[in-house]
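The values are calculated or read from the model by the stated rules, or taken from the named source; none is laboratory data. Keep in mind the model is a prediction, meaning the values are calculated, not measured. All Cβ positions, even for glycine, are placed from backbone atoms using ideal geometry, and neighbour counts span all protein chains on display.
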Amino acid sequence: MRGDVEESAHRGEVVEVDLTGRVIRAIGDPERLTNLRSAVKPFGLIALLEAGGDREFGLEPQELAIMAGSHSGEDLHVRTLLALFRRTGISQADLGCGTMVPMDALTAARLARDGERPGVVRHMCSGQHSVFLLMSKMGGWSPKEYWADDHPTQVALREAVAKAFRTSPTRLVTSIDGCGIATYAFALREIAWAFACLADPDAIPTGDPRSKLAGHYRTIRAAMLAHPEMVAGTHDRLDTSLMKALPGRFVAKGGAEALRAVGILPGPRGAGVSSAATGLALKIEDGDGWDRAAPAAFVEALRQAGVLEGLPLRALARYHRPPTMDSHGRVAAEAIADFELAPIGELVS
């Protein structure tokens, strides 16, 4: 809204499910096919844990968190990764994610001022790609072109993702992600369901094959909860801000093109009534190039789900109603999430 004028509009879907996959509330189509993009990272990390990489390399929680995240390229991220590379004997020169300007604006400005070119380790996906280098070292495989579809690390990644989403590798819907490896598409409801399992692995229903992954889920969840700044960054990254606003309640990981997903751990909602774990996923149809619709709608969806209120909600105000400033520092416009999640049986588009 700019003044009283609706200047732009964004459409999207939101779905919340429980640990059985039952839709609790939604707006739009819960079956919308959506590329996971970076939201796959917590589940892709299962491949390394299945191989015993956490024990083999003595991986620390902050290292696991950055492998499950999309970091901002800040110095703390670079230090963590470089220390990991030195200790384990892998080389950043083998990273195949490409280079990018750090997502953290302060870091990017400092590098530009100092004439420093950002290297591959500053890329938001370098933590994830270090998983493949570690797996290559464990397996005795060449780390060159680990991103190729037929490389053993990518075969292991497909198997891990298939397990996390209750399917087989041959049935995965794949395409190429921006960092050069495959991305996988699932219904928005299935994405929310996967995050519900990550939120409370011990409560995954008996008979669900993902119950066999509970130990890995606990490891990944604990790392992300303990080090949210490694999952994203220290400045204006919604995943980190959300996990810090209500510690121990959310495990969050978004993906490109305006996908946001969160596992909501068990706890009180609304009037204080305790609730079991759920997963919530959101997709903005146009990809949200201004990065304002997805944060606003995501925080609003969590408010309507009864998880965010009071001080934690106020701490996320800059995401809930993100402002656009004019050249004099005045609020010229703001994004407003205007929708109502419907309970099961009353789904609306």
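Whether any residue in region 216-228 is hydrophobic (A, V, I, L, M, F, W, C) and under 19 Å from residue 193 (Cβ atoms) is what I want to check. Yes; the residues of region 216-228 include at least one that is hydrophobic (A, V, I, L, M, F, W, C) and under 19 Å from residue 193 (Cβ atoms). Scanning region 41-56 for residues that are under 25 Å from residue 99 (Cβ atoms) and either among the aromatic types (Phe, Trp, Tyr) or in a loop (DSSP other than H, G, I, E, B) (or both) returns a single hit, 45.
Listed by position, the strands (runs of 3 or more DSSP E) contained in region 188-271 that have at least 2 residues being crowded, with 22+ Cβ neighbours inside 10 Å and touching a Gly at 6+ places or on another chain (Cβ under 9 Å) are 250-252, 259-264. For residue 302, the conditions (1) in a loop (DSSP other than H, G, I, E, B); (2) modelled with pLDDT of 95 or more; (3) within 26 Å of residue 42 (Cβ to Cβ); (4) of a type outside the set (Val, Ile, Thr) are fulfilled apart from (1). Please work out which one of (1) within 22 Å of residue 16 (Cβ to Cβ); (2) at pLDDT below 95 is the condition residue 236 fails and give its number. Exception for residue 236: condition (1). Restricted to region 315-330, and to residues there that are within 22 Å of the chain's Cα centre (by Cα) and without any contact (Cβ under 8 Å) to a residue 60 or more places away in the chain, the residue that is surrounded by the fewest Cβ atoms within 10 Å (Cβ to Cβ) is 317. Quick one: is residue 38 in contact (Cβ under 8 Å) with a residue 40 or more places away in the chain, within 29 Å of residue 208 (Cβ to Cβ), under 19 Å from the mean Cα position of the chain (by Cα) and not in a loop (DSSP other than H, G, I, E, B)? Spelling it out, residue 38 is indeed in contact (Cβ under 8 Å) with a residue 40 or more places away in the chain, within 29 Å of residue 208 (Cβ to Cβ), under 19 Å from the mean Cα position of the chain (by Cα) and not in a loop (DSSP other than H, G, I, E, B).
Checked against (1) over 17 Å from residue 70 (Cα atoms); (2) free of Cβ contacts under 8 Å to residues at least 60 places away in the same chain, residue 225 passes all but condition (1). Restricting attention to region 268-293, the residues that are within 19 Å of the chain's Cα centre (by Cα) and among the hydroxyl-bearing types (Ser, Thr, Tyr) total 1. Any chance region 288-299 includes a residue that's within 19 Å of residue 10 (Cα to Cα), basic (Lys, Arg) and at pLDDT 95 or above? No: region 288-299 contains no residue that is within 19 Å of residue 10 (Cα to Cα), basic (Lys, Arg) and at pLDDT 95 or above.
Quick check on region 1-35: of everything there that is small (Gly, Ala, Ser) and part of a strand (DSSP E or B), which residue is nearest to residue 221 (Cα to Cα)? Only one residue tops the list, namely 26.
When region 331-341 is limited to residues that are within 27 Å of residue 248 (Cα to Cα) and surrounded by 17 or more Cβ atoms within 10 Å (Cβ to Cβ), the one that is modelled with the lowest pLDDT turns out to be 341.
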